[in-house]
Structure formats: C-alpha cells, structure tokens
Amino acid sequence: MKILVIDDSASHRLFLKAYLGKMGHEVVQAAHGREGIDRFGTSDPDLILLDVLMPGIDGYETARVIRGARDQWVPIIFLSGCNESADIEAAIDAGGDDYLIKPFDPKVLEAKIRSMTRIAQMRRQLVLRSEELRTANATLMRLIDIDGLTGVANRRRLDSKLAEEIERCCRNHVPLSVILLDIDHFKRFNDSHGHLGGDECLKAVAQVFSGELKRPADLVARYGGEEFCIVLPETDCAGALLVAERLRAAIAGLKVQVRPGVMAGVTVSCGVASGVPSVDTPAEALLAQADAALYHAKEGGRNMVCQSRMPVMPGTAPPSGSYLIQ
C-alpha cells in the first residue's frame, strides 16, 4: 500500500517510514495538516495515518478537508496521544475510520493496517461491480432502442425521438421533416431469394441509410417490416427532398449478396412530410402525411420520391395529392 503519514513529529515519521517500509509499504510524509492535504492530492495514497495535534490546522480539520476533496474513500487511522473518549468521538466524526493511542504497539498498528486493507479491497470490488452494473444497464438501455436485425433504431426509439423533436422544433419555431421509405416488391424479393436473403436485404438497406445520414441529430429507424423512417430535425421540405432522393439513388445502386456468388438489386419508394410543428401536433399526423406521400410514390411506379402537399398542422387529414420527383 501507499501510506500517507501526516505527523508533526519527525521522529514518529521516521519510525513509521522504517517500520512500514519493512512491511513492504511505500510511505509518503507530511509534517503538518496543510502539507498533508497537498500530498494527498498528489500522491493518491491507499491509507492515511494522521496525528491530531499539529501546528496550523489540526488532524480533525485535515480529515474533514480530505474527506471533502474526493469521492473515492481512503481509510484514515488517527494516531494521537489524546486518549479521552471525546477525542476518539471527534476523530470519528471528522471522518476517521480508526483511532490508535500513542504510544502504541507496532503490532497493533500492523493489525489495524491489515484490517483497513481488507476493507479497502472489499470497497474497491464493490465500486468495480457497481461500475460494471452501470455499464451493463447503459448497454441494455441502448439495446432496448435497437432493432435486432438491422441494428438501427426500433419503433420504440422512433416514437420517443419524434415526441422530443416535435416539442423542440415547436419551441424553436424550426421545421421538422420525416421520410418513410419502403422496399419495393419486398415479398417478391423474399419469394425469389428466401427469407435469409430478405434479411440480408433489410440489413444492407439499413446500413446504406445510416451511412448516408451525416448529422448526429438525424435518426434512422425501422418502422416495421420492410419500411424505414428517417427523422430530420431542423430540415425544411426542400432539404428533406434532397435527402430522400440521395437515399433513393443510393439504394438503386445497391447490390445485395443474398447468398455466396449471388447479388440482387433493390429499390425503395419514399414519402416526405415536412413543416413547423405546433404544440398540439401529434406524431401520428406527421407519419400519416409521409405515409400518404409514400402511397403515391408506389402508385406512381415505385423507385421515386413523393412529397406531401399539406403543411404539418394538428388535426389535418392525410393529403390527397403529392409532388413527384423522378
């Protein structure tokens, strides 16, 4: 262990340095409380042996400052000639973990150090387990929001993201856009290449979408089946149309390996909805408008982008028409 000895008696420090050194410990010395506080900050000790009566700030105040300086617990053993019960109580209240009255038997000190070592080891193990648990919980929370097949966000994460962005974009009076994308003739693709080939198609398409979106605030989510949804905060209709067209073109150039040596082409249809949401705008209304635009893209021949003509307003019905990009 690295042991910090804070004592105004040079003879006591030399004795402890020699005795603890024979036990295999590294000793750092300080002649008064202020120096001890400084050495504590620079040496990162495993244990502190602290005198009570010292010039300047006493051992009690030194312990209180050390306890308030770091979240990590370091055991403190007071070594003092004060043997009244009130002195021991004050030491424990100041943050001490044990108290040894001078003159002390070195064997008793050795036993107390071993005891504190065991306690410190158990506490380190507890802290380590707590950190592992926090990491596992954080990983679990991320997995809860991830689609197991494609690796992009799932519907649960999409719903929460839309709610967050509707509120934020409404508050800042900025546009919000969504794109619904559907893989064209996916049932036919599955029939031709099998469900494993269909899974490879979904994963490849999701990977392209993720790679094409550059902004951290944008989100790719699997909407359901072969449908995906893109959330574009602070993006107007013109910008969303450009993104949708870029995604459509990227998928049109994609070749999916459905089995060794066999590649298959795929296309997507896209529906875009955009506008500045109000406080009462439901996410369902925005998705319904994008879905209606997607319907027109598929009816118009697929592998194209359609835009909702209607603004994003609460309580509006899905649009009856769309703007076609070829």
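The values are calculated or read from the model by the stated rules, or taken from the named source; none is laboratory data. Just so we're clear, the structure is a prediction, and the values are computed from it rather than from any experiment. Every residue, glycine as well, gets a Cβ built from its backbone with ideal geometry; the counts of neighbours run over all protein chains shown. Heavy atoms of the whole protein, side chains included, go into the accessibility calculation; ligands, DNA and RNA do not. Shrake-Rupley method; radii C 1.70, N 1.55, O 1.52, S 1.80 Å.
Using the structure shown, decide if G301 is at positive phi and modelled with pLDDT under 95. So G301 passes the test.
Where strands (runs of 3 or more DSSP E) fall entirely within region 209-271, those with at least 1 residues that are within 17 Å of L158 (Cβ to Cβ) and open to solvent by 20 Å² or more (accessible area, probe 1.4 Å) are at 219-224, 227-233.
Taking L20 as the residue in question, decide whether it is crowded, with 16+ Cβ neighbours inside 10 Å and in a helix (DSSP H, G or I). Yes. Contact annotation: residue pairs with Cβ atoms under 9 Å, 6 or more positions apart or on different chains, pairing a residue in region 30-52 that is aromatic (F, W, Y) with a partner that is open to solvent by 10 Å² or more (accessible area, probe 1.4 Å), are F40/V28; F40/V65; F40/A69; F40/R70. Take the residues in region 184-195 that are without any contact (Cβ under 8 Å) to a residue 24 or more places away in the chain and either in contact with a Gly (Cβ under 7 Å, 6 or more places away or on another chain) or not charged (D, E, K, R) (or both), then tell me which one is surrounded by the most Cβ atoms within 10 Å (Cβ to Cβ). Among residues in region 184-195 that are without any contact (Cβ under 8 Å) to a residue 24 or more places away in the chain and either in contact with a Gly (Cβ under 7 Å, 6 or more places away or on another chain) or not charged (D, E, K, R) (or both), the one surrounded by the most Cβ atoms within 10 Å (Cβ to Cβ) is N190. Would you be able to say whether some residue in region 233-250 is within 27 Å of I144 (Cα to Cα) and of a type in the set (V, I, T)? For region 233-250, residues within 27 Å of I144 (Cα to Cα) and of a type in the set (V, I, T): absent.
In region 92-126, what residues are assigned to a helix (DSSP H, G or I), surrounded by 13 or more Cβ atoms within 10 Å (Cβ to Cβ) and hydrophobic (A, V, I, L, M, F, W, C)? Hits for region 92-126 are I92, L109, I113, M116, I119, A120.
Given the criteria over 22 Å from E284 (Cα atoms) and under 31 Å from the mean Cα position of the chain (by Cα), does A217 qualify? No: the conditions fail for A217. When G198, G225 are checked against the criterion of being more than 25 Å from the chain's Cα centre (by Cα), free of Cβ contacts under 8 Å to residues at least 40 places away in the same chain and within 22 Å of I144 (Cβ to Cβ), G225 stands alone in meeting it.
Across region 233-274, the number of residues qualifying as within 15 Å of Q207 (Cα to Cα), basic (K, R) and in contact (Cβ under 8 Å) with a residue 24 or more places away in the chain comes to 2.
If only one of G68, G148 is under 30 Å from A240 (Cα atoms) and either open to solvent by 20 Å² or more (accessible area, probe 1.4 Å) or part of a helix (DSSP H, G or I) (or both), which one is it?
G148 is the lone residue from the list that is under 30 Å from A240 (Cα atoms) and either open to solvent by 20 Å² or more (accessible area, probe 1.4 Å) or part of a helix (DSSP H, G or I) (or both).
Scanning region 151-188 for residues that are among the hydrophobic types (A, V, I, L, M, F, W, C), under 14 Å from G224 (Cα atoms), part of a helix (DSSP H, G or I) and in contact with an Asp or Glu (Cβ under 8 Å, 6 or more places away or on another chain) returns a single hit, F186.
Keeping to region 23-55, report how many residues are among the aliphatic types (A, V, I, L, M), open to solvent by less than 10 Å² (accessible area, probe 1.4 Å) and more than 39 Å from the chain's Cα centre (by Cα). Reasoning before the result, please.
Taking region 23-55 as the starting set, the residues that turn out to be among the aliphatic types (A, V, I, L, M) are 23, 27-28, 30-31, 37, 47-50, 52-54.
Narrowing further to those that are open to solvent by less than 10 Å² (accessible area, probe 1.4 Å): 30, 47-50, 52.
Those left that are additionally more than 39 Å from the chain's Cα centre (by Cα): 30, 50, 52.
Residues meeting the conditions: 3.
Could you tell me whether L202 is closer than 20 Å to L286 by Cα and either open to solvent by 70 Å² or more (accessible area, probe 1.4 Å) or not β-branched (V, I, T) (or both)?
On the way: closer than 20 Å to L286 by Cα: no; either open to solvent by 70 Å² or more (accessible area, probe 1.4 Å) or not β-branched (V, I, T) (or both): yes.
Here the answer is no, as L202 does not meet what is asked.
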